[in-house]
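Some notes on the structure that comes next.
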Amino acid sequence: MSGFILQKGTTHGLGNRLFMLSAAIHYCRQQNAKLVIDWNDGCYSDSGDSFWKAFRLVNCEDILAEDQNPSSLNNCSTQQTAWQGKFHQQATPIFQQIKEQTNHKGEDFHQIPSLSALSTMPYTINGNSVAVICGYKRKQTRAMELLKHLRLSPEFSEKLHTDISSFQTEQIKNAPYVGIHVRSSCEGHFEKPDYQRIKQFVNKRYRQPRIFLATDTSAEIERAEKIFGKQLIIQEKIFPDTSNKQYSTEPFALHKIDNENQTHPVDKLNVLYEAIRDIHLLSISSELYVQIGSTFSELAMLYFQQNPLQVRPNRQSPIRQRCGILWRSALRSRMRINHIVPSRGWISSD
């Protein structure tokens with residue numbers, strides 16, 4: 001054995017975490033290393049086991065460490081010196097310490113070699129050493145690893161099956177529907193979609209189509225409701241209190257607001273489930289509109305199971321010019337997503 005790769009949860013959303021995991025799985029096989037997954041950052045739970053409550057990995061027995069407690073690694077060596085003896089700690093406080101000590105201006109964890117191995121991978125992990133992967137680097141993702149190995153836990157899978165069945169029979173009456181993902185909370189990072197043009201476009205293609213919108217703010221739902229009206233499908237979801245700056249950024253929903261404007265703690269694991277549910281609802285839609293650059297959108301495209309249409313996802317795309325958002329019927333990728341069958345989705349029983 002050549003050592004360990006530790007994938008840390010950070011304050012990034014679900015898309016970034018899972019694509020980080022894809023890189024970790026790839027490098028574990030490349031380096032003959034053991035994988036430890038630790039999402040103890042408080043985003044989806046207050047303990048480090050939120051990943052294992054929501055997911056499982058199949059055909060990874062050869063790379064998974066028997067002890068998934070990161071404290072067991074504290075006596076190991078590492079090239080990520082910021083983690084030496086601190087593998088059990090959360091990533092964000094260590095990142096803040098590094099920023100204060102080095103005047104680092106960026107916000108990406110992977111840009112700091114002492115914090116994340118993604119900035120220097122691939123390199124040889126020797127003996128009892130640890131490579132820590134945190135942050136997100138698009139060029140090092142290995143999406144096929146998710147398709148091959150990532151599945152939902154039995155509890156989450158059963159819950160999702162129930163909710164999807166109810167959604168299909170009660171809300172859309174087993175009719176086709178259009179999925180839209182909009183990342184609304186990061187102002188200036190993503191284009192705002194032109195809902196009016198999207199409405200015109202889908203109404204030409206479908207007769208009275210229903211619209212499912214996955215987004216991260218209640219204000220975005222209100223904006224969409226003004227355009228789509230009763231066409232819009234509303235799913236119950238927890239949104240952040242944007243008046244509280246401490247919780248107005250990721251993780252998006254650490255608490256909820258009741259009718260009397262009082263805040264209450266929420267079940268963080270349920271926040272993770274809602275994200276998974278939204279990705280799945282997007283992925284089984286008849287047509288999908290996503291935001292360029294969003295890893296949440298990329299996950300939805302990854303599991304999208306319709307035949308692809310030829311739409312170029314670049315700045316010259318007529319759909320993007322018309323709607324401010326990317327229209328896809330499958331992931332444009334070398335993975336030949338049109339050959340993915342439902343049994344390879346993350347709720348399969350294998």
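Each reported figure results from applying straightforward, stated rules to the coordinates on display, with no laboratory input. Every value quoted in this text rests on a predicted model; they were computed, and no experiment measured them. Quick reminder, even Gly has a Cβ in these numbers, built from the backbone with ideal geometry, and neighbours come from all protein chains shown.
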Discussion item. Which order do the peptides 180-191, 21-32 come out in when sorted by mean C-beta neighbours inside 10 angstrom, highest first?
Written reply: 21-32, 180-191
Practice prompt. Using the structure shown, select from Lys199/Lys226; Lys34/Lys99; Lys53/Lys159; Lys8/Lys34; Lys159/Lys237 the pairs with a Cα to Cα distance greater than 18 angstrom.
Written response: Lys34/Lys99
Worksheet item: Which FRET efficiency, nearest 0.05, do Asn75 and Asp49 yield, Cβ-Cβ r, R0 22 Å?
Response: 0.50
Worksheet, complete the sentence: Sorted on mean Cβ neighbours within 10 Å (highest first), peptides 205-211, 37-43, 271-277, 77-83 come out as 37-43, 271-277, 77-83, 205-211
Worksheet item: Taking N as the number of residues in the stretch 154-247, what is its Cα Rg relative to 2.2 N^0.38 Å?
Response: 1.22
Discussion item. Can you give the log10 of the normalised intensity I(q)/I(0) at q = 0.16, 0.19, 0.24, 0.28 Å⁻¹, computed with Debye over equal Cα scatterers of the stretch 22-83?
Written reply: -0.60, -0.85, -1.24, -1.35
Worksheet entry | Amide hydrogen neighbours beyond the local backbone of Ile233, cut-off 5 Å, H modeled | Ile211, Phe212, Leu213
Worksheet item: Modelled label-to-label distance, Tyr206 and Lys230, 7 Å Cα→beta-carbon offset: nm?
Response: 1.7
Worksheet item: Given the Cα-Cα distance of Asp163 and Arg138 and 0.36 nm per residue of separation, how much length would full extension add, in nm?
Response: 5.8 nm
